[in-house]
1. Okay, which of the range 142-179 sit inside 19 Å, backbone N to the point 7 Å along the Cα-Cβ direction of A47?
2. Tell me the label-point distance for the pair A183, E139, using the 7 Å Cα-to-Cβ offset, in nm and rounded to one decimal.
3. At 1.4 Å probe size, put V154, V90 in order of accessible surface, largest to smallest.
4. Per the 1.4 Å probe, what fraction of the accessible area of the chain, in percent, lies on carbon and sulfur atoms?
5. How much net charge surrounds P9 when only the other residues with a Cβ under 9 Å from the Cβ of P9 are counted, with Lys and Arg +1 and Asp and Glu -1?
6. Decide, for the range 48-104, between rounded, prolate and oblate: order the square roots of the alpha carbon gyration tensor eigenvalues as a ≥ b ≥ c, take rounded if a/c falls under 1.5, and otherwise choose prolate if a/b is larger than b/c, else oblate.
7. Please work out the average accessible area per residue across the range 72-193, using the 1.4 Å probe convention, and give it in Å².
8. Quick check on packing: order 122-134, 42-54 by the mean number of other C-beta atoms within 10 Å, highest mean leading.
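The values are calculated or read from the model by the stated rules, or taken from the named source; none is laboratory data. Please read all numbers here as calculations on a predicted model, not as lab measurements. Cβ placement follows ideal geometry from the backbone for every residue including glycine, while neighbour counts extend to all protein chains displayed. Protein only, heavy atoms only, side chains kept; ligands, DNA and RNA dropped before computing areas. Shrake-Rupley method; radii C 1.70, N 1.55, O 1.52, S 1.80 Å.
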Amino acid sequence: MTETETGFPLHDIETAPPAARPLLEASKAAYGMVPNLHAALAESPAALEGYATLWDLFETTGLTPAERQVVYLASNFENACRYCMAGHTVRARRDGVPEEAIEALRAGRPIQDERLEALRRFAAAMVVERGHVGAEAVEAFLAAGFTRANVLDVILGLATKVISNYANHVVQTPLDGFMSKTAWEPPSLRGPA
């Protein structure tokens, strides 16, 4: 077990609280390793279980894998989460998000694909406005071909990211090795160009 800069333990299966061990075993089976976020969340088995449960539920929504990644990346950008932006960049490539869209999401710019842009814009607005987006934003989202169920699906995805984005800020979760080539610095925290 190691610790983060803020003193939070990064648990492995043996050092985790007993209630978190099966969850970390499931993470290892799914990813071939225990991601540092999961290792950090294991300090609170309830937090780890809540995150894993929301993640699994979001996977069952009417949004495609690529669309789910757009929601996650939009949240990661608006919440300035280094860890999640790096990890979801890798996942977005795997899930078929076009490279142009990934670069736009990482920069907080519009996406060329109109449907994905409507999704990015809606998810980002939900984060920035804390859900107070109004009927006009919902209607624009629906006009792009999404459903009212998808409105709620986006909220589920954002709830998932609140746990990980906020935990990563507090814990200062170090990037996993597979994220080394997709490291990201939030534009709001970058120095002058």
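1. Counting backbone N atoms under 19 Å from the label point, the list is 158-176.
2. 4.7
3. On the way: V154 0, V90 50 Å².
So, going from the largest accessible area down, we get V90, V154.
4. Details: 5410 of 9510 Å².
After summing per-atom areas, the C and S share lands at 57 percent.
5. Values: positive: none; negative: E3, E43.
Result for the neighbourhood of P9: -2.
6. Working: a/c = 2.03, a/b = 1.26, b/c = 1.61.
Judged from the Cα gyration tensor, the range 48-104 comes out oblate (a/c at least 1.5, b/c at or above a/b).
7. Working: 6090 Å² over 122 residues.
Result: 50 Å² of accessible area for each residue.
8. Numbers: 122-134: 16.3, 42-54: 17.8.
Ranked from most to least packed, the peptides come out as 42-54, 122-134.
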